[in-house]
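The values are calculated or read from the model by the stated rules, or taken from the named source; none is laboratory data. Worth saying up front: this structure is predicted, and the values here are computed from it rather than measured. Note: ideal-geometry Cβ built from the backbone for every residue, glycine included; neighbour counts use all protein chains shown.
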Amino acid sequence: MKVTPDLAELFGIYVGDGTMSANKSGKRALLSIAAGKDEKEWLDYVANLFKKIFCYKPKVRWNLNVYKIQTGISKICEFFKEAGFPVGKKALTVRAPKAIVETNDDVAYKAFLKGYFDADGCLCFERNLHGRYVKFKKTYHYYPRILLTSISKDLIITDVKQMLEAIGLHHNTRERMPSKKEEHKSYVATITGATQLELWMKEVGSSNLVHTSKYNVWKKFGFCPTKTTLDQRLAMLAGELDPEIFYKAAVC
């Protein structure tokens, strides 16, 4: 298996948002990648990755409150199986394919991390309410955090950690205990601070507008209001919405 950057990125996406299920007879598999209502443009990008790699472009469809691409083409499903992905549930045991981990190649690592971040990562900005901080830091969400989270311990603690260390991104990993009985323990790799965010965007990047819109708002204003929609962030960037309105009470 020749690992190209496109393939490494697609594998990262699949680790985050992909599934393979068997049909009723159990003889064929159906591969799916799902995305949220604000991520159709990104899923179009994912469909184009399929076209580059497999010369086949799946259609993006709206299905059960998510956008989804699906394929039952046996050669594609077998390719993912050979890469180590099972048919059925994978959340607890999923890992980066050995074909990527064992390359020891920074380019492949960056592409995989980009795909995984775009599919299942989080970029958020926080205030600092403690200590003798200036009013700006206590009021505005200015401090960036990238979170890569999974209930698969080996994925975060072993694979993702190895890749982050290889490309020189400072991070920490930890366990997070469930808040409800029926939930699983999760594992989190966290990259914090403006310097590390800039390094991530330079070396790893993102093709998901949900993430890049937050980054661009932060770059333009020095902060990014929390709990905003994609449309609101795009309006801020276009000069049609003042981000200060989300802090009106605090500023006054």
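At-a-glance table
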{"read-out": "Residue check, TYR133 of a type in the set (Phe, Trp, Tyr), over 26 Å from SER21 (Cα atoms) and modelled with pLDDT under 95", "value": "yes"}
{"read-out": "Index of the failed condition, LYS114 passing every other in (1) free of Cβ contacts under 8 Å to residues at least 24 places away in the same chain; (2) touching a helix residue (DSSP H, G or I) at 6+ places or on another chain (Cβ under 8 Å)", "value": "(1)"}
{"read-out": "Residue within the stretch 186-197 that is of a type in the set (Phe, Trp, Tyr), out of contact with any Phe, Trp or Tyr (no Cβ under 8 Å at 6 or more places or on another chain) and within 29 Å of GLU165 (Cα to Cα) present", "value": "yes"}
{"read-out": "Strands (runs of 3 or more DSSP E) fully within the stretch 1-92 counting 1 or more residues that are surrounded by 19 or more Cβ atoms within 10 Å (Cβ to Cβ)", "value": "18-22, 29-35, 66-71"}
{"read-out": "Residues (closer than 16 Å to THR212 by Cα and surrounded by fewer than 16 Cβ atoms within 10 Å (Cβ to Cβ)) located in the stretch 121-130", "value": "CYS122, CYS124"}
{"read-out": "Flag if TYR45 is within 17 Å of the chain's Cα centre (by Cα) and among the aromatic types (Phe, Trp, Tyr)", "value": "yes"}
{"read-out": "Qualifying residue in the stretch 231-249 (condition: over 23 Å from LYS90 (Cβ atoms), in a loop (DSSP other than H, G, I, E, B) and under 19 Å from the mean Cα position of the chain (by Cα))", "value": "no"}
{"read-out": "Checking LEU129 against (1) under 23 Å from THR226 (Cβ atoms); (2) in contact (Cβ under 8 Å) with a residue 12 or more places away in the chain; (3) touching a helix residue (DSSP H, G or I) at 6+ places or on another chain (Cβ under 6 Å), the condition it does not meet", "value": "(2)"}
{"read-out": "Any hit, the stretch 69-88, residues being under 17 Å from ALA35 (Cβ atoms) and of a type in the set (Lys, Arg)", "value": "no"}
{"read-out": "Neighbours by Cβ (under 7 Å, 6+ apart or cross-chain): first from the stretch 93-106, more than 14 Å from LEU164 (Cβ to Cβ); second of a type outside the set (A, V, I, L, M, F, W, C) and assigned to a helix (DSSP H, G or I)", "value": "ARG95/ASP154; ARG95/ASP159"}
{"read-out": "Among (1) surrounded by 19 or more Cβ atoms within 10 Å (Cβ to Cβ); (2) touching a residue at least 24 places away in the same chain (Cβ under 8 Å), the one test that ARG233 misses", "value": "(2)"}
{"read-out": "Within the stretch 210-230, tally of residues that are outside any helix (DSSP H, G or I), in contact with a Lys or Arg (Cβ under 9 Å, 6 or more places away or on another chain) and not β-branched (Val, Ile, Thr)", "value": "3"}
